[in-house]
1. Once a ≥ b ≥ c are taken as the square roots of the eigenvalues of the Cα gyration tensor of region 97-145, is the result rounded (a/c under 1.5), prolate (a/b larger than b/c) or oblate (a/b not larger than b/c)?
2. If you count, for each residue, the other Cβ atoms within 10 Å and average over each peptide, how do 215-226, 13-24, 163-174 line up from highest to lowest?
3. Per-residue accessible area for residue 182 at 1.4 Å probe radius, Å² rounded to 10?
4. Would you mind telling me the share, in percent, of accessible area of the chain contributed by carbon and sulfur at probe 1.4 angstrom?
5. Using a Förster radius of 35 Å, what is the FRET efficiency between residue 101 and residue 150 based on their Cβ-Cβ separation? Nearest 0.05, please.
6. log₁₀ I(q)/I(0) of region 68-138 at q = 0.11, 0.22, 0.29 Å⁻¹, via Debye over equal Cα point scatterers, no solvent, to two decimals?
7. What does the extension gain come out to for residue 213 and residue 21, with contour length at 0.36 nm per residue minus their alpha carbon separation?
8. Between residue 157 and residue 79, what FRET efficiency comes out of the Förster formula 1/(1 + (r/R0)^6) with R0 = 41 Å and r the beta carbon distance, rounded to 0.05?
Amino acid sequence: MNVRTPDGRTLTVDGEPQPFIGRWAYAVWLYGPDGGYRVNVSPAGSEESISKQSGDWSRYVVREASRNGGRILSLEDPENSGTNMLWIGPYHEVGIFVPGTGVPLETFMDRLSLFDVRDAPDGLTMLPRPGSGHQFGNLLAVNTINQLCSVQVTPASQVTSFMPGTEGRRVRGGQMWRIDETDQRGRVRSRSALVVNDTTATTITAARPEDPRFVVAVESISCGLG
């Protein structure tokens, strides 16, 4: 599987024992003249679908407009004094959380105009336009294998200062360290594995710690970023 990440790189993933449940979602940190902020890139319709399933949709004040072949959606949350602003394209959506309500749609449109946004089946890219003063910071890619595990991928350079002090076990995707969280009785509450190679650091978290298929997934999944 090859997909495009929002910063224009290619994420290669193979060896997964079962198909992923859908397209990849991303959290991207951007920095510009007015500071840093996070942008979420998800499959189109994700925020609306999740909000309706969780029951949050009914409390939103919803405004909508059209721009560059996509929908602009503002989801104001008066109870929590915040607004999710979305650009929804054919395949993916771009979301930014803004504190407060009554935020003009033009504010979000002006922000998007700083980027060359291109939506395609294999991924959405949003590269800063020349002169925008923006640059990419951290990147996190997320997907799930149904009822087995979640998979989170970051560039290897982002975990340099957090690497374990011991040498990991060699698996197909790189060096692996197992991470268990236990309760007061010593029972495993959650189980995950960190797999690091030259380009990626991948965290694989089990849906059920005792599932024997989790070991197969950890030993077979390989991720690369270039």
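1. oblate
2. So the peptides 215-226, 13-24, 163-174, ranked by packing, come out 215-226, 13-24, 163-174.
3. Per-residue accessible area (residue 182): approximately 70 Å².
4. The nonpolar share, carbon plus sulfur, comes to 49 percent.
5. 0.65
6. Result of the Debye calculation: -0.30, -1.03, -1.30.
7. 67.5 nm
8. 0.55
The values are calculated or read from the model by the stated rules, or taken from the named source; none is laboratory data. Please read these numbers as outputs of a predicted model, since none were measured by experiment. FYI the Cβ positions are ideal-geometry reconstructions off the backbone, even for glycines, and counts take in every protein chain you see. Note: accessible area is taken over every heavy atom of the protein model, side chains too, but ligands, DNA and RNA are not part of it. Shrake-Rupley method; radii C 1.70, N 1.55, O 1.52, S 1.80 Å.
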